[in-house]
1. Please give the net charge around L201, taking every other residue with its beta carbon less than 14 angstrom from that of L201, where Lys and Arg add +1 and Asp and Glu add -1.
2. Which values, in whole Å and largest first, are the semi-axes of the equivalent ellipsoid of the stretch 105-204 obtained as the square root of 5 times each eigenvalue of the Cα gyration tensor?
3. Once fully extended, how much extra length lies between R209 and R101, figured as 0.36 nm per residue of separation less the alpha-carbon to alpha-carbon distance?
4. For N194 paired with A3, estimate the spin-label separation in nm (one decimal), with each label point 7 Å from Cα along the Cα-to-Cβ line.
5. I want the local charge near A192. Using Cβ-Cβ distances under 14 Å, sum +1 for each Lys or Arg and -1 for each Asp or Glu among the other residues.
6. Can you check what the Kirkwood hydrodynamic radius comes to for the stretch 51-136, Cα pairs only, in Å to one decimal?
7. If the chain between W39 and R67 were fully stretched, how many nm would it gain, using 0.36 nm times the residue separation less the Cα-Cα distance?
8. Could you please report the charge total around F77, scoring K, R as +1 and D, E as -1 over all other residues with beta-carbon less than 9 angstrom from its beta-carbon?
Amino acid sequence: MLARLVAYVGALALLAIVGVRLWDELPDGALEPSAKAGWSAASRAYPAFAVSQFDLPGKTGTYEIFRHPEGGRKDVFRWSAQGEKPVAELEIYRPGSEFDRSEPASAEMAARMDPEGGRELEAAGIVDSKFGTVTLLRQAGDAGGTRSCLGFLKRLDEPNMRISGWSCQGDALAVRREAISCMLSRLVLLTAGNDPKLAELFARAELKRGSCTASAAAAASADWVTRAENPLLRGTF
């Protein structure tokens, strides 16, 4: 009986030694919560938005939904020809706890517009939309607007949401302004889920919805603040 007891205690001691050794060999951060994982595609999520009657000749539209473990959701539209880079993008971001206000939105926008470029963005005027005034962005130093795409950014507080994207359609900033204005005009809500503020936002926005023809006329008659060729004194965004 004593021999069996000694063997049992010895086995337990051996298992404890092995356990401590394996614990010490774990890499740093191996036991961090999985909530620190990044964005992932949510293939089973229901579409919440649509862009109606917005067709680009020769381009196909895609709609993807991404979720973050800390609650954020991104609905992303892209338009591109087969085998080519996208010529336009529209993202609706509803942030969760992962949102960091200290990180400038312009840095993320620059990476989305030109993943291989890394150039900073600067203000390129504003454009009116059914969601209110929208900030336009272009690559720094591209005053003529012939070499870069035109980005846009709109932050909303109620509900907490950010609408952003870019367009490379056309050979001039005026054409891209028109495309952005039309894209935002065509953005509609399919379902608000359990968010009454989101439903209210789009209900009010639809009352201000304009036509793409009206957007083109507004772009042609833009003043010195809203037109594509803004003075350089506006500075970097």
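Bear in mind that the values in this text are calculations on the coordinates, not laboratory data. All of these numbers come straight from a predicted model, not from anything done at the bench. All Cβ positions, even for glycine, are placed from backbone atoms using ideal geometry, and neighbour counts span all protein chains on display.
1. Surrounding charge for L201 is +4.
2. 27, 15, 11
3. 35.9 nm
4. Simple spin-label model gives 6.6 nm for this pair.
5. Net charge in that neighbourhood comes out at -1.
6. Answer for the stretch 51-136: a Kirkwood hydrodynamic radius of 15.1 Å.
7. Net length gain for the segment: 9.5 nm.
8. Numbers: positive: R78; negative: E64, D75, E89, E91.
So the surrounding residues net to -3.
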